[in-house]
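For reference, the structure is listed below as structure tokens.
The values are calculated or read from the model by the stated rules, or taken from the named source; none is laboratory data. Here the structure is a predicted model, which is why all the values come from computation and not from measurement. FYI the Cβ positions are ideal-geometry reconstructions off the backbone, even for glycines, and counts take in every protein chain you see. Remember, those area values only see protein heavy atoms, side chains included, never the ligands or the DNA or RNA. Shrake-Rupley method; radii C 1.70, N 1.55, O 1.52, S 1.80 Å.
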Amino acid sequence: MNRRTLGIGVFLAMVGTSAATGVLRPEVMLADELGKLELEKVVPKSFAGWTLLPEAAMVINPQAQAAVEKIYNQTISRTYVNAQGYRIMLSVAYGLDQRDAMQVHYPEVCYPAQGFSVMANTADLLRTPLGEIPVQRLSTSLNGQRFEPLTYWTTVGEYIAKSSSTKKFAELKYGLRGHIPDGLLFRVSSIDRDTAAAFVAQDKFVVDLLAAVDAKNLARLSGLGPKHQIPNRTLPWLN
């Protein structure tokens, strides 16, 4: 047994003991410690040559949107345009409780429910001056006429949840400290038959947007930047 495997085993045993003795009972909302994200204020309306269009991003399936709003406390849907006329649709959905009981509505599930075909779904890294963001890239089409490549990621607290296992680990990390994590789903898409070009434009949009975001909100929006010092409310040995 190597050191890493042993360490994981010891950690899980400690977690199991804590849970069994009733210590692992998260009761404090992380958003109460760090402050709730106000998406309308956190996400800028204009930056680096991108401007917000007056019309809202189109909602293809109002029923699907209503389901998302039941899970998330805040949602914004916007369309931005640059000087060349290229449009990017942005959707951010933020929830105060992102534990397993509150399941994320992933695009690979929502888009087919709205009549789209998902032609490709791959993991990738979106590179920024502040670091790399693990993302999912989807190539979708509606009736073979509307082609909409999209890029998205999800967060749990101040960490990217790039898989179900990392999501659970982040939840556990916060739970051990007595916190219920918030989180969000961040999605950008564009109507473009050239999928490769669309992803390049989306990456540029994300880099420009994150450069305009207040540093104190950066980690919770993208997993990048320094993490806050969160007080431990349950297990003193975690400090």
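Structural remarks
- Yes/no for ALA83 being at negative phi, modelled with pLDDT of 95 or more and either surrounded by fewer than 16 Cβ atoms within 10 Å (Cβ to Cβ) or assigned to a loop (DSSP other than H, G, I, E, B) (or both): yes
- Scanning the stretch 205-217 for residues that are farther than 20 Å from GLY49 by Cα and charged (D, E, K, R) turns up at least one hit.
- All positions within the stretch 169-184 that are part of a strand (DSSP E or B) and open to solvent by less than 10 Å² (accessible area, probe 1.4 Å): HIS179, GLY183, LEU184
Here is a yes/no grid of residues against (1) touching a Ser or Thr at 6+ places or on another chain (Cβ under 6 Å); (2) farther than 25 Å from ASP214 by Cα; (3) among the small types (Gly, Ala, Ser):
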| position | (1), (2), (3) |
| --- | --- |
| LEU125 | no, no, no |
| ARG137 | yes, yes, no |
| VAL156 | no, no, no |
| TYR159 | no, no, no |
| LEU176 | no, yes, no |
| ASP182 | no, no, no |
| VAL188 | yes, no, no |
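- Filter result (open to solvent by 20 Å² or more (accessible area, probe 1.4 Å) and aromatic (Phe, Trp, Tyr)) within the stretch 104-115: TYR106
So that you can scan it fast, the table gives a plain yes or no per residue for (1) open to solvent by less than 40 Å² (accessible area, probe 1.4 Å); (2) more than 27 Å from LEU52 (Cβ to Cβ):
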| position | (1), (2) |
| --- | --- |
| LYS167 | yes, yes |
| ARG187 | no, no |
| VAL200 | no, no |
| LEU224 | yes, no |
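Yes/no matrix, rows are residues, columns are (1) buried (at least 16 other Cβ atoms within 10 Å of the Cβ); (2) of a type in the set (Asp, Glu):
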| site | (1), (2) |
| --- | --- |
| SER117 | no, no |
| ALA123 | no, no |
| LEU126 | yes, no |
| GLU132 | no, yes |
| ARG137 | yes, no |
| ASN143 | no, no |
| PHE147 | yes, no |
| LEU150 | yes, no |
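- Meets criteria (open to solvent by 40 Å² or more (accessible area, probe 1.4 Å), modelled with pLDDT of 95 or more and of a type in the set (A, V, I, L, M)) for ALA211: yes
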